[in-house]
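See below for the structure under consideration.
The values are calculated or read from the model by the stated rules, or taken from the named source; none is laboratory data. Computed from a prediction, not measured in an experiment: that's the story for all the values here. Note that each Cβ is placed from the backbone with ideal geometry, even for glycine, and that neighbours are counted across all protein chains shown. All accessible areas refer to the heavy atoms of the entire protein, side chains included, with ligands and DNA or RNA removed. Shrake-Rupley method; radii C 1.70, N 1.55, O 1.52, S 1.80 Å.
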Amino acid sequence: MAALRDRLGDVEAEGSTSHQGSSGVEVVLHSDPATPAPLCPHGPTLLFVKVSQGKEETRRFYACSACRDRKDCSFFQWEDEKLSGARLAAREAHNRTCQPPLSRTKCVERYLKFIELPLSQRKFCQGCQQLLLPDDWEKHLEHQVVGDISVTQLKRPSQLLYPLENKKTNAQYLFADRSCHFLIDLLSTLEFRRVLCVGTPRLHELIRLKASGDKKSNIKSLLLDIDFRYSQFYVEDSFCHYNMFNHHFFDGKAALEVCRTFLQEDKGEGVIMVTDPPFGGLVEPLAVTFKKLIAMWKEGQSQGNNHKELPIFWIFPYFFESRICQFFPSFCMLDYQVDYDNHALYKHGKTGRKQSPVRIFTNIPPNKIILPVEEGYRFCPLCQRYVSLENQHCEHCNSCTSKDGRKWNHCFLCKKCVKPSWIHCSICNHCALPDHSCEGPKDGCFICGELDHKRGTCPNISASKKANKAVRKQKQRKSNKMKMETTKGQPMNHTSVTRKKKRRERAHQYLCS
């Protein structure tokens, strides 16, 4: 798994293509269900395989589902590795030490006591990011403590807490109020009564804030988020500590039932899921998790409603469109630009490459979604949907083709519209940046090079596995021969030992590659 880059261009390259002839790590979605994945502090791990030049490495491995850097979660285990009882016990002890200091029940008890305190006794430690009861004050005398925490501040914890901005782990960028209010108004217009907020804490708190101040607003919200600090501000039916990359509820069956009840209320009618995953996260495990939430919702449906879909807003950069639609073919991408308060690049209203690349993917028909004209959106009567002003309708493609907010140009040789910065290359026979390398890696599947699928779904994967198996057998024979030579007193070739050592080092540093 490549580490998440800080530059937007690198993230786009990762999101839109994989490269023939290059190396990378892919998640293995169809592992043996009879063999449960080992646990790390963030719940069940995921199974990965390293792919290089179309070939898989001989061993697959488990790693953390949530953290992209081993500095944040050091878990690593080979799939076929056998651990001793002592190592398993040590791992379980380590996992326990990494859990939140207070249980969910204890957090709720403290919150209920806190809101009963007079204003002068409501304090919050900024260093520890913790609400303080009078019994806690002495322990925080040397800390930076804020007093007089109002009810309004308690209702907006995302403004009280420091955002977790480690791009490789949390990437906790918070919606700007402009985007939040647009989403809330849109949800109200579409007559949704319940919103499952998966990783959208600011939207969750604004829905609740509006419901408490507006008697006409009857929208309810449930937040699922990996940031356990929100446990301090919500009771059990409002927040679940949750990892969206492996569908793990940290508080067990009780939290799972809270989510199930929320989704199945009123026989599943009037509910929508809104999710804003970290942009460095892999699409595949997210799609698997969302399908499990969809299945949970469908359990409450009557037999005659099997054709219905759980309405979803998946908020993600536009260059992941093909990957998302691969798992959810009914999804379309809206032109609306989602912006964030604490991100330097993802801002609405900027031009060119500096504008926000974040869009809304949804299975709701786009003709039902009205985008604000005052923010630069117009209705295209030919496409029957709202688009940005710069997104001009192409008569040759019969569509408003722009993805990034700029006006795209039609290439008659490629028979499609392309970005304005691209030109047609006669050598590559397709459009690309003027300074691209014609001899560079080609886009597509690692195995066959086709553009419409990844290695995991390649029809030639069986032949590839056979070839890899033959290579592994040949390597094993060489290894056995070298071992025999060593036992006879012949020293092993120093170059071979060095190569093996380097391979082991690369395998253990895969998250930082």
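What to note about this one:
- Residue match in the range 103-114 (condition: under 33 Å from the mean Cα position of the chain (by Cα) and of a type in the set (Val, Ile, Thr)): yes
- Test: residue in the range 123-133 that is more than 18 Å from Phe228 (Cα to Cα) and either assigned by the TED database to the domain that holds Leu29 or touching a residue at least 12 places away in the same chain (Cβ under 8 Å) (or both): yes
- Just one of the listed residues (Arg122, Arg91) is surrounded by 13 or more Cβ atoms within 10 Å (Cβ to Cβ) and closer than 30 Å to Arg60 by Cβ, and it is Arg91.
- Among the criteria (1) out of contact with any helix residue (DSSP H, G or I) (no Cβ under 9 Å at 6 or more places or on another chain); (2) surrounded by 18 or more Cβ atoms within 10 Å (Cβ to Cβ); (3) of a type outside the set (S, T, N, Q), the one Asp214 does not fulfil is (2).
Quick grid of which residues meet (1) open to solvent by less than 40 Å² (accessible area, probe 1.4 Å); (2) part of a strand (DSSP E or B):
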residue	(1), (2)
Arg202	yes, no
Leu222	yes, yes
Tyr242	yes, yes
Glu257	no, no
Phe262	yes, no
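- All of Thr97, Thr169 fail the test of being closer than 27 Å to Pro44 by Cα and modelled with pLDDT under 90, apart from Thr169.
- Residue in the range 305-312 that is crowded, with 21+ Cβ neighbours inside 10 Å and either outside the structural domain of Ala37 (by the TED database) or more than 15 Å from the chain's Cα centre (by Cα) (or both) present: yes
- Some residue of the range 53-65 being modelled with pLDDT under 90, assigned to a strand (DSSP E or B) and either over 17 Å from the mean Cα position of the chain (by Cα) or surrounded by 12 or more Cβ atoms within 10 Å (Cβ to Cβ) (or both): yes
- When each of Lys253, Lys267 is tested for being of a type in the set (Lys, Arg), in contact (Cβ under 8 Å) with a residue 12 or more places away in the chain and not assigned by the TED database to the domain that holds Tyr111, the lone residue that passes is Lys267.
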